[in-house]
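Okay, so here's the structure we're looking at.
The values are calculated or read from the model by the stated rules, or taken from the named source; none is laboratory data. Please read all numbers here as calculations on a predicted model, not as lab measurements. So basically every Cβ, Gly included, is an ideal-geometry build from the backbone, and we count neighbours across all protein chains shown. With ligands, DNA and RNA removed, areas are computed over all heavy atoms of the protein, side chains included. Shrake-Rupley method; radii C 1.70, N 1.55, O 1.52, S 1.80 Å.
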Amino acid sequence: MYNFEFVKPATLADAVAALSGEDAQALGGGQTLIPTLKQRLNQPGTLVSLLSIPEMVGVCKTDDGALSVGGATTHATVSAEAAVDFPGLAGLASHIGDPAVRNRGTIGGSLANNDPAACYPAAALGTGATIVTNAREIAADDYFQGMFATALEEGEVITEVRFPVPEVSNYQKFVQPASRFALVGVFVAKYADGVRVAVTGASEEGVFRWSEAEAALSAIFSVDALAGLSVPADGMIGDLHGTPAYRAHLVAVMTRRAVAAAA
Amino acid sequence: MTQVSMTVNGKSATGTVEGRTLLSSFLRDTLELTGTHVGCDTSQCGACVVHVNGVAVKSCTMLAAEADGAEVATIEGQANADGSLNVIQQAFQDHHGLQCGFCTPGMVMSAAALLKDNPKPTEAEVREYLEGNICRCTGYHNIVKAIMAASGQDVAIAAE
Ligand SMILES: Cc1cc2nc3c(=O)[nH]c(=O)nc-3n(C[C@H](O)[C@H](O)[C@H](O)COP(=O)(O)OP(=O)(O)OC[C@H]3O[C@@H](n4cnc5c(N)ncnc54)[C@H](O)[C@@H]3O)c2cc1C
Ligand code: FES
Ligand code: FES
């Protein structure tokens, strides 16, 4: 690693100020950023830790019944604290990586990074969550802009993620056994006014909504409603872990499993 | 360079670190606690697992500066006060839970974190908890057996 300065502000205002400095970068749990820095793929002058900012940590219900998760909340905390109000989200968080990764990694870091195989993007898009930053609120449908690309501006901090809580939901991940990321992951969420289905790990465009499945499941929420539906292999990721056709097949399989588990 | 202070295995420890100094380097190079191993240095193998404020973390993927003010526990602090092996360590010895021993400090620290939260895990829970701890020697069965035994449960596991 190239050397850098480390600062640990105690308030969001101080963090935003520190991040406006030249070459400053946010540090969440470091579970993606520290390995990246070790490879010298990045050379920040200052790392600004977000983990000591109380207003950015924790899970709570909002007045309108949404679940609010602080941007610096670890996966372990989400899996424990969302278990009652939003078990679909808690279940997703409890299977990210391994216990030590979950004790450090944060929801804000995961969404800022937007790895095409990450789990949280599927939950955010699959619920139509709101990504709240120090500057504005961004709808999930506008936030994800392709592999590792998001609507965030330089120095913008994810302070909170607000999830509309579904009636039922489930996330199914086909684990890539070496990395433990999703080879394909599907988040299904049923609301009074319809069903959302978001797919991670599969597409070269990053996380996406499978609208055909959404329409079918909004009409009848059952595995049978998915009969005959498939996504085209065109545009799916092909690598040594799986061909585009294999990933396309897994999208349908994981969606069926998620509906079966949720229904 | 900045000064950091933390409690390591119940004793206060202070040192000067760079921003980039990893907790694993601080423990091994500054405090000379070389029981914490660095296997991959890429967050994959779990040989470097220690406890920070009571939870398991990979010390190769945390900055020493982030642990300023924290309570850190390493393998060196695991033995009983009289120097004898603790229950988990003894179970690893009794059940042949190690061969070369390189992964063992991380395995023992992960096992300790698991049993603190879940004193009577099932075999499946033990295996799932160890997902981030890689062993190139044992094939895991004897590690799982040792942890089951340390939790006071039957060591006869399905894989035998
Ligand atoms: C062994 C291993 C297995 C893993 N398995 C999975 C898995 O199965 N599924 C999965 O989804 N992920 C997995 N991950 C990734 C893990 O979830 C990371 O924790 C996560 O991707 C990044 O979060 P972080 O808090 O560690 O962010 P960091 O690594 O600290 O930061 C990542 C990026 O986000 C920026 N950032 C951090 N916080 C914020 C914020 N609040 N606002 C704006 N920008 C911010 C940083 O500047 C940096 O660019 C795994 C990681 C490892 C090491
Ligand atoms: S050395 Fe830290 S995970 Fe391998
Ligand atoms: S005993 Fe050799 S790596 Fe586990």
Q) Given charges of +1 on the Cβ of Lys and Arg and -1 on the Cβ of Asp and Glu, with all other atoms neutral, how large is the dipole of the stretch B:87-150 about its Cα centre, in debye to the nearest 20? A) 120
Q. When the accessible area of the protein assembly as shown is computed with all protein chains present and a 1.4 Å probe, what percentage of it is carbon and sulfur?
A. 50
Q | Most mobile of A:L33, A:L89, A:L183 in a GNM of chain A (Cα contacts under 10 Å) | A | A:L33
**Q.** Surface accessible to a 1.4 Å probe, A:T73 within the full protein complex, Å²
**A.** 0
Q.
Quick check: pseudo-label points 7 Å beyond the Cα along Cα→Cβ at A:S211 and A:F148, how many nm apart are they?
A. 2.9
**Q.** Dipole in debye (nearest 20) - the protein assembly as shown, about Cα centre, beta carbon charges: Lys, Arg +1; Asp, Glu -1
**A.** 860
Q: Give me the distance between the Cα centres of the stretch A:173-225 and the stretch B:27-90, rounded to whole Å.
A: 39
Q: When a/c is below 1.5 the answer is rounded, else prolate if a/b is larger than b/c, else oblate, so apply that to the stretch B:87-150 with a ≥ b ≥ c taken from the square roots of the Cα gyration tensor eigenvalues.
A: prolate
Q: Apply the membrane-span-like helix rule to chain A: whole DSSP H runs, Cα extent along the own long axis of at least 24 Å, mean Kyte-Doolittle hydropathy at least -1.0. List the helices found.
A: A:244-262
**Q.** Peptide B:49-60 - average C-beta neighbours from other chains (10 Å radius)
**A.** 4
Q.
Can you sort B:T61, A:T74 by solvent-accessible area, 1.4 Å probe, largest first?
A. A:T74, B:T61
Q. Of A:R257, A:R209, B:R136, A:R162, which has the most accessible area with a 1.4 Å probe, and how do the rest follow in descending order?
A. B:R136, A:R257, A:R209, A:R162
Q.
Am I reading the A/B interface right? What is its buried accessible area, both sides, 1.4 Å probe, to the nearest 100 Å²?
A. 2000
Q: Whole number in Å², please: accessible area per residue of the stretch B:24-72, 1.4 Å probe, ligands, DNA and RNA not counted.
A: 32
Q. Going from most exposed to least, what order do A:F148, B:F92 have by accessible area with a 1.4 Å probe?
A. A:F148, B:F92
Q.
Under a Cβ-only charge scheme (Lys and Arg +1, Asp and Glu -1), can you give me the dipole magnitude of the stretch A:5-163 about the Cα centre, in debye to the nearest 20?
A. 540
Q: Could you provide, to the nearest whole Å², the per residue accessible area of the stretch A:168-262 with probe 1.4 Å?
A: 44
**Q.** Accessible solvent surface per residue of the stretch A:1-148, calculated while the other protein chains remain in place, 1.4 angstrom probe, Å²
**A.** 38
Q | Long pairs among B:K58/B:K116; B:K120/B:K145; B:K11/B:K120; A:K38/B:K58; A:K8/B:K58, criterion Cα-Cα beyond 23 Å | A | B:K11/B:K120
Q) Where does chain A land at 222 nm, in deg cm²/dmol rounded to the nearest 500, when only DSSP H runs of n ≥ 4 count, each adding -39500 (n - 2.57), divided by all residues? A) -8500 deg cm²/dmol
Q) Each label point is 7 Å from the Cα along the Cα-to-Cβ direction; what then is the distance between the points at A:D64 and A:A135, in nm? A) 2.3
**Q.** CD proxy at 222 nm, helix term only [per DSSP H run n ≥ 4: -39500 (n - 2.57); per residue of chain B; nearest 500]
**A.** -7000 deg cm²/dmol
**Q.** Residues along the stretch A:27-41 losing 10 Å² or more of accessible surface when the other protein chains are present rather than the chain by itself (probe 1.4 Å)
**A.** A:L27, A:Q31, A:I34, A:P35, A:K38
Q) Lys/Arg Cβ at +1, Asp/Glu Cβ at -1, dipole of the protein assembly as shown taken about the Cα centre: which of A:G206, B:L33, A:A129 is farthest positive-ward? A) B:L33
Q. Using a 1.4 Å probe on protein heavy atoms, which residues of the stretch A:79-128 have at least 50 Å² less accessible area in the complex than alone?
A. A:P99, A:A100, A:N103, A:R104
(Q) Tell me the accessible surface of A:R256 in square angstrom (1.4 angstrom probe, heavy atoms of protein chains only), to the nearest ten. (A) 90
